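We did not get these values from a lab; they are worked out from the coordinates using the rules stated. Just so it is clear, the model here is predicted, and its values are computed rather than measured. As a convention, Cβ positions derive from the backbone with ideal geometry for all residues, glycine included, and neighbour counts pool all protein chains shown.
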Amino acid sequence: MEGKTVRSPHTPAALACSAALLLAALTACGSEDPADTEKPTAPHGVTAQASSATSAHVMWEAATDDTGVTGYEVYRKGEKVKSVPASRVMIDIDGLAASTAYTFTVRARDAAGNLSAPSSAASVTTPAPTPADREAPTRPVKLRGKADGSRAATLSWGGSTDDVGVTAYDIYQEDSRIHSVPGTRTTARLTGLRPGTVYTFTVRARDAADTSSPDSNAIDITTASAPGAPASTAPTDLRVTAKAEGKAYAVDLDWEQPETGGAIPAYQLYLNGRLTTTIVWGGEPPTGRANYRLTVTDPRGTRYAMKIRAKLPDGKWGDFSAVRTVVLGD
């Protein structure tokens, strides 16, 4: 006898209930990850200045977003010319014409691809070409500054001279340019800094031929700690010298050790932003000032930006010291 499927009178209702439950579950799961449709805020504080006869430097203040800004787009007359990641709030625009007026706007972008409204426009006129400008500007002098709370700092310096004219001053932190102002200004306000952090700044003058001066003197600025934050664990008063020893150079460092509540078993030494070596004491860790010698074989004129941090008694790495710059053979 062939088998025959017997359907219960309640089967359709049961299937309907199962489908409804499945649909409800899928709807509930989808509601936990709604689409990001909110646009970032428009970048503000946009400025543009001529870097040379054929380039301009555009800067802006960071935008905000409900899930996070992932990048910025720079426009010239409504046409996109540059894209940068969210970690950058400045860009150089090259390939411009001399003695020409330009207008730039900036838009923020989030992970979902939402673009903010355009920022306010920033205008700039490139100078006339200066093919005879072959001399670098003189170095800025008497750089000084102070922290403005926990997230900003103000710098000022003595102006530079140039055979044709200074077009801009560039502010560097750990040998990376982080800000620029026109050549008519000798002050700058830096924002977006971190609380309780030591920063080392230098300034360079630049002319219309894009030739930069030597660095100004370096200045260390420590931002105020955030409320309730622990005390800084950064080594202080780092000093660096270099001298030739045959075909190599001996780079000597000494510093004041931080108060950590215990002996410091090791330090990390960074050169130009990269970990170079871990300093481990052969015997009992020193007290008071500590010192270390690094031998290098790079050629004369090689430039190092150096900083250190201590290994704390709990095994974590502490705050970085201020940066010190040394040039081999200088």
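Between the amide H of Val323 and those of Thr200, distances stay under 5 Å, these residues lying 5 or more places away or on another chain, with hydrogens modeled in the peptide plane. Within the range 63-158, the trypsin sites (Lys or Arg not before Pro) that combine a DSSP coil assignment with at most 10 other C-beta atoms in a 10 angstrom radius are Lys77.
For the range 60-66, putting each phi into the Karplus relation 6.51 cos²θ - 1.76 cosθ + 1.60 with θ = phi - 60° gives couplings of 7, 8, 4, 8, 10, 8, 5 Hz, in residue order, rounded to whole numbers and with x for Gly and Pro. Near Thr302, once Lys and Arg are set to +1 and Asp and Glu to -1 for all other residues with Cβ below 13 Å from its Cβ, the sum equals -1. For the chain, the longest principal axis of the alpha carbon atoms and the long axis of helix 11-31 meet at an angle near 10°.
Between Glu245 and Thr211, what's the calculated FRET efficiency when r is the beta-carbon distance and R0 is 35 Å? Round to 0.05. Once the sixth-power term is evaluated, E becomes 0.55. Among the trypsin sites (Lys or Arg not before Pro) in the range 171-269, those located in a DSSP loop and surrounded by at most 14 other Cβ atoms within 10 Å of their own Cβ are Arg185, Lys247.
Distant-in-sequence amide contacts of Gly165, defined by a placed amide H-H separation under 5 Å and a gap of 5 or more residues or a different chain, comprise Ala208. In order along the range 322-330, phi translates into HN-Hα couplings of 5, 8, 10, 10, 9, 10, 4, x, 7 Hz, rounded to whole numbers, per the Karplus curve 6.51 cos²θ - 1.76 cosθ + 1.60 with θ = phi - 60° and x for Gly and Pro. If you take the alpha carbon atoms of the chain and fit the smallest convex hull around them, that volume is 302 Å³ per residue.
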